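A quick write-up on the structure given underneath.
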Amino acid sequence: YRNFSGKGQRCLLNISNTKVYKSVLHSSGRFCFQSSQPLGQKTASLRISSVGQLPHRFSAQIIGSFHTSPSLQAAPVPLFWIIVKPAQKLFAIILGRSIRNWWKALPPNKRELFKESARKNKWKILLGVSSLGVLFVMFYFTHLEETPITGRARLLVFGKEHFRELSQIEYDMWMEEFKSKMLPEADARYQVVERVVGHLSECNKDIPQVSALKWVIHVVDEPGVNAFVLPNGQVFVFTGLLNAVSDIHQLSFILGHEIAHAVLEHAAEKASLVHFLDFLSLIFLTMIWAICPRDSLAVVGQWIQSKLQEFMFDRPYSRTLEAEADKVGLQFAAKACVDVRASSVFWQQMELAETIQGQPKLPEWLSTHPSHENRAEHLDRLIPEALKIRESCNCPSLSGPDPRLIFKLNMQHLLESSKDQENPNSTKRDLSKPKLDFPHT
């Protein structure tokens, strides 16, 4: 673990060394989560580097795409919404189908009379529809609140405290699922996560939303690269994430990102948006089942309507929340004197891991999370501001080369090595270019 020392400084890491896995090593350096196997293998070990620099040889665990929160819905759903949502859709379907059957059963002369009456009262009908629209707009603007820290206006329908209580249901579900895979508190990996979360919360206790929550750690022995924090402060970290990060700075940023989700109340915000959009969609769902001549066409229309809502509103909004959590999580890490430059390197590593594994790259608009490449670029733009925050906390100066530069050089070395392997019989080589040689650490 990186041990930043200094008297009278407010935001400093002061963590004792810890036994890691099966080896007991003591060093003033920091933990480096680095694979001892060649790039492309799936095993990784937790080791200590005695030098205060990042590993010179890049390695990453080749696993599936990393999401720091559940893919399709980052927020737990309130209990009553689980019951109400299907009932609302069923009511809309029955109402629309009843309107269609009633219209079919009308004699032709009555249909014409009804159409004529609608034409005569078109302004009244328009006024009624407009009034309904105004009610929705008023409801939206009367339920707007400012997001903590960022000050962004957002819709919040559910009460925050009530929502945290309901998150206990999801907590019980996860505990039941992982009850046989929870690491004990004596495990070195648990202690690492506990101290990182404790240090992040301590250095950001000036934020009321951080100090108000009690952060409880759960480390799950699972190979998936995943971590998430429930709205009530329950932190879940998979051991696959510990194997995937290259150093403690990357781990601190990822956990800062997850803490930011809870602090910014993204769970209640996402559930509020879904609730509002679903309520609006009931009108279109009723119209679809009333207009379509057959049930089969109505089912297709309903599917199209749900997909349009998902890709035009739900998923873009999820990507917005992820970007906001990256920004605030980076600020949390900066106040904890973390090397914030390592944050973008993590996502570059994940991009490389997926490329080596041969996973297909889907367009970003199909995902609930930004692409790894875009996240790295977004963080690079935020790092200068985070470095200023870090400096304002009287943190010690960053020593050693920029980890982003080291990753870039390692990538160049990797590409040159792959080219040499593709042409093993080639004797011609440009001797004017120095060969990059990175010592093993």
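Can you confirm whether Leu251 is open to solvent by less than 10 Å² (accessible area, probe 1.4 Å) and in contact with a Ser or Thr (Cβ under 7 Å, 6 or more places away or on another chain)?
In short, no.
If you go through the stretch 338-357 one residue at a time, how many are open to solvent by 60 Å² or more (accessible area, probe 1.4 Å) and without any contact (Cβ under 8 Å) to a residue 40 or more places away in the chain? Give the derivation first.
Going through the stretch 338-357, the residues open to solvent by 60 Å² or more (accessible area, probe 1.4 Å) turn out to be 355-357.
From what is left, the residues that are without any contact (Cβ under 8 Å) to a residue 40 or more places away in the chain are 355.
Count: 1.
Looking at the stretch 264-282, which of its residues are of a type outside the set (Lys, Arg) and either more than 13 Å from Lys89 (Cα to Cα) or without any contact (Cβ under 8 Å) to a residue 24 or more places away in the chain (or both)?
Scanning the stretch 264-282 gives Leu264, Glu265, His266, Ala267, Ala268, Glu269, Ala271, Ser272, Leu273, Val274, Phe276.
Could you figure out which of (1) part of a helix (DSSP H, G or I); (2) closer than 26 Å to Phe253 by Cα isn't true of Glu416?
The one condition Glu416 does not meet is (2).
The values are calculated or read from the model by the stated rules, or taken from the named source; none is laboratory data. It should be emphasised that the depicted structure is a prediction, and the values quoted were computed from it without experimental measurement. No Cβ is skipped: glycine too gets one built from the backbone with ideal geometry, and neighbour counts run over all protein chains shown. In case anyone asks, the SASA skips ligands and DNA or RNA and just uses the protein heavy atoms, side chains included. Shrake-Rupley method; radii C 1.70, N 1.55, O 1.52, S 1.80 Å.
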